[in-house]
Protein chains: 2
Amino acid sequence: MTRAQVIGETISNQGLGRQPSPDKVFETMVAYQRTAALKAAIDLDLFTSIGEGHTTASALAKRVEGTDRAVRMLCDSLVVLGFLTKGGSSYGLTADSAVFLDKRSPAYVRSARKFLASPLVVDGFRDLATVVRAGRPVSDEPFSEEDKHAAWAEFARNMAGLSFLVAQETARLLDPDAEIKVLDVAAGHGMFGIAIAQQNSRATIVALDWPSVLAVAEENARRFGVSHRYRLLPGDALEADLGIGFDAVVMPNVMHLWDRPTNIRFLKKVHAALVPKGRVIIGEFVPNDDRVSPAVPALFALNMLANTTAGDVYTVSEYRAMLSEAGFTDSQFRPLPPAVHTAVIAIKP
Amino acid sequence: MTRAQVIGETISNQGLGRQPSPDKVFETMVAYQRTAALKAAIDLDLFTSIGEGHTTASALAKRVEGTDRAVRMLCDSLVVLGFLTKGGSSYGLTADSAVFLDKRSPAYVRSARKFLASPLVVDGFRDLATVVRAGRPVSDEPFSEEDKHAAWAEFARNMAGLSFLVAQETARLLDPDAEIKVLDVAAGHGMFGIAIAQQNSRATIVALDWPSVLAVAEENARRFGVSHRYRLLPGDALEADLGIGFDAVVMPNVMHLWDRPTNIRFLKKVHAALVPKGRVIIGEFVPNDDRVSPAVPALFALNMLANTTAGDVYTVSEYRAMLSEAGFTDSQFRPLPPAVHTAVIAIKP
């Protein structure tokens, strides 16, 4: 039997309605090239240049100081990837590119890219097989505590813009007129607490995070004009005394960093810090109970695999169970457009 | 005006039928994580283990010597990416994964992955913005001639399996009964010439490539039982004397490495080496004249940008024009299933 026959037999044994195709395998093997192309275009400010009216490869090549051939090849790839349009030899921005990739837009994502391309995120993906065997991140140069705090301060600086709309949506889950005291756990850029203070002029915010990170939150509170109702609680969330009498505790993107027992232990602390009828609001990537849908929150698990020892994405049922075990009732799940985040809200009875 | 209003205004100014979404931007920024996940699964032989009947995360964790949590997170991601199925807590192979990712399958792609993950391919994508500015590949440690020959020999070894079916399809474009002499230019693994020799017992093949690469082709010719009709022509294609009297010249994946003038010059050499009514058969990534469709051949341009000084993907019209300028007529384009390659065939009048 020839090799062709063996392959033919293998193929027909699959009982497929179609011929098997390696397309998806190869597409995924070179998926990193998509990241490289988009990164290059952002680095070159190509989208901004097109938005300004430089629309041919040669005009763009002059503008970004590249060669015609290279710019044309990059632009054509960006058309294939859905970030540019092409008519004749002229390139244009798509509607989404104009909003998120032209630096003249207030929703420009460059700083988010800086974080997503940082060693804090990328290094863990160098050799994921070794991570799977070790069961924890593997790095040649593990982060010191100091480096880690600096990296999260950088994260806070870079991700504020991206979080703006989601934070505004989250704030809408609270009564805008009640006099409330709110704890923002692992506040980071502070945008979640700040959004609440913006929407409710009687709200007071206490922001908890490491000191280097709180400096970023404090600066943002000033910039958004709410610093007179903004207090700082420096420390590590797991060790800090949270205080008492909070009407709400917001926890944006914290619980995915911890394992289930740690989350329950911390939720009990939150429970103790809340007034009766107070609520916890968790902003998170929440996949369905199958753990494989929707795609974006489900795939976020890869980041927790690559970069944390015990972090995970937790499902709807798992959040419900953890909250219940910590004494909360009435868990509700609300989508937070425009992002792929979910708000998980529960009440202290 | 608040920042939220500015963003709102920006968004409504787009005149969109829907709210703008950064989803595609972020999906592409982290597309490299898909490559990392698939690479890890292949490195761990996860697909083979599932094919052998280890279908739960804990059974698989034992088998690949990883932790339950890590294996479950990786497997769930592979379900999202379309490489595994999931029912309850049990994972299964998709039809395509069984054919291409289980090492017991003759169409297993691991060696292709070795090439696609090699520095020869990957290094050029480290900083594509700098490549665009320089107009040529930028590398800290440029390849020596010797390294380059060794890398292409490695390429030849790793890509033979993947090229098997495409080479068989290409060979079908020639008369299987005529006594013919065929030149295989930049033969690499030799699979194209070898397929012709397999399908036509009266065909003689002359394989042209660097000596280190020809060693791989010669070994394959022996393995497929055609070495008695297989001659070696060691040298660089652009400098070598091709000889004369060929009924066909096959050029698999060569022309994308060169610029247009080099291609025309070489096609004239091929023309001189052919008998009247002889044909050239080019196996290539050929996008449509718009250069942005179909996706796979169009995106292949990124590889030529990252890793060659003057290479490119050429369109249907460009192949027609280059062939015509070199004296060929009757250019025809045939898809080469199951891959995304096209055979370009032309006749020496």
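For the reader, a short list of remarks on this structure follows.
- Looking across segment B:221-251, the residues that are in a helix (DSSP H, G or I) and either in contact with a strand residue (DSSP E or B) (Cβ under 9 Å, 6 or more places away or on another chain) or surrounded by fewer than 16 Cβ atoms within 10 Å (Cβ to Cβ) (or both) come down to B:ALA221, B:ARG222, B:ARG223, B:HIS228, B:ARG229.
- Scanning segment B:151-178 for residues that are touching a Ser or Thr at 6+ places or on another chain (Cβ under 6 Å) and in contact (Cβ under 8 Å) with a residue 60 or more places away in the chain turns up just one, B:ALA153.
- Residues that are more than 14 Å from every other protein chain (Cβ to nearest Cβ) and hydrophobic (A, V, I, L, M, F, W, C), drawn from segment A:148-182: A:ALA150, A:ALA151, A:TRP152, A:ALA153, A:PHE155, A:ALA156, A:LEU173, A:LEU174, A:ALA178, A:ILE180, A:VAL182
- When A:ASP45, A:ASP68 are checked against the criterion of being of a type in the set (Asp, Glu), under 30 Å from A:ALA153 (Cβ atoms) and either surrounded by fewer than 23 Cβ atoms within 10 Å (Cβ to Cβ) or more than 10 Å from chain B (Cβ to nearest Cβ) (or both), A:ASP45 stands alone in meeting it.
- Of all residues in segment B:324-349, those satisfying the criterion of being within 14 Å of chain A (Cβ to nearest Cβ) and outside any strand (DSSP E or B) are B:PRO337, B:PRO338, B:ALA339, B:VAL340.
- Test set (1) at pLDDT below 95; (2) facing chain A (nearest Cβ under 9 Å); (3) out of contact with any Lys or Arg (no Cβ under 9 Å at 6 or more places or on another chain) - B:VAL25 fails condition number: (3)
- Of the criteria (1) part of a helix (DSSP H, G or I); (2) without any contact (Cβ under 8 Å) to a residue 60 or more places away in the chain; (3) more than 7 Å from chain B (Cβ to nearest Cβ); (4) open to solvent by less than 40 Å² (accessible area, probe 1.4 Å), which one A:GLY92 fails: (1)
- Residue tally, condition among the charged types (D, E, K, R) and part of a strand (DSSP E or B), over segment A:187-220: 1
- When A:GLN19 is tested against (1) at pLDDT 55 or above; (2) more than 8 Å from every other protein chain (Cβ to nearest Cβ); (3) over 22 Å from B:ASP123 (Cα atoms), only condition (2) is not met.
- Residues in segment A:266-323 that are open to solvent by 40 Å² or more (accessible area, probe 1.4 Å), closer than 11 Å to A:HIS256 by Cβ and either at the interface with chain B (Cβ under 10 Å from one of its Cβ atoms) or hydrophobic (A, V, I, L, M, F, W, C) (or both): there are none.
- Qualifying position, being more than 30 Å from B:LEU165 (Cα to Cα) and either in a helix (DSSP H, G or I) or in contact with a strand residue (DSSP E or B) (Cβ under 9 Å, 6 or more places away or on another chain) (or both), among A:LYS24, A:LYS62: A:LYS62
- Single match in B:ALA36, B:ALA98 (criterion: closer than 30 Å to A:PHE100 by Cα and either modelled with pLDDT of 95 or more or of a type in the set (A, V, I, L, M) (or both)): B:ALA36
- Answer residue from segment A:95-114, given it is open to solvent by 20 Å² or more (accessible area, probe 1.4 Å) and more than 8 Å from chain B (Cβ to nearest Cβ) and is farthest from A:ASP43 (Cα to Cα) among those: A:ARG104
Condition check ((1) within 21 Å of the chain's Cα centre (by Cα); (2) touching a residue at least 24 places away in the same chain (Cβ under 8 Å); (3) within 21 Å of B:ALA150 (Cα to Cα)) across all residues:
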position: B:MET191; (1), (2), (3): yes, yes, yes
position: B:ILE196; (1), (2), (3): yes, yes, no
position: B:ARG202; (1), (2), (3): no, yes, no
position: B:VAL216; (1), (2), (3): yes, yes, yes
position: B:PRO234; (1), (2), (3): no, yes, yes
position: B:ARG279; (1), (2), (3): no, yes, no
position: B:GLY283; (1), (2), (3): yes, yes, no
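The values are calculated or read from the model by the stated rules, or taken from the named source; none is laboratory data. Keep in mind that this is a model prediction, so the values were computed, not measured. Quick reminder, even Gly has a Cβ in these numbers, built from the backbone with ideal geometry, and neighbours come from all protein chains shown. Quick note on the areas: whole protein, heavy atoms, side chains included, nothing else; ligands and nucleic acids left out. Shrake-Rupley method; radii C 1.70, N 1.55, O 1.52, S 1.80 Å.
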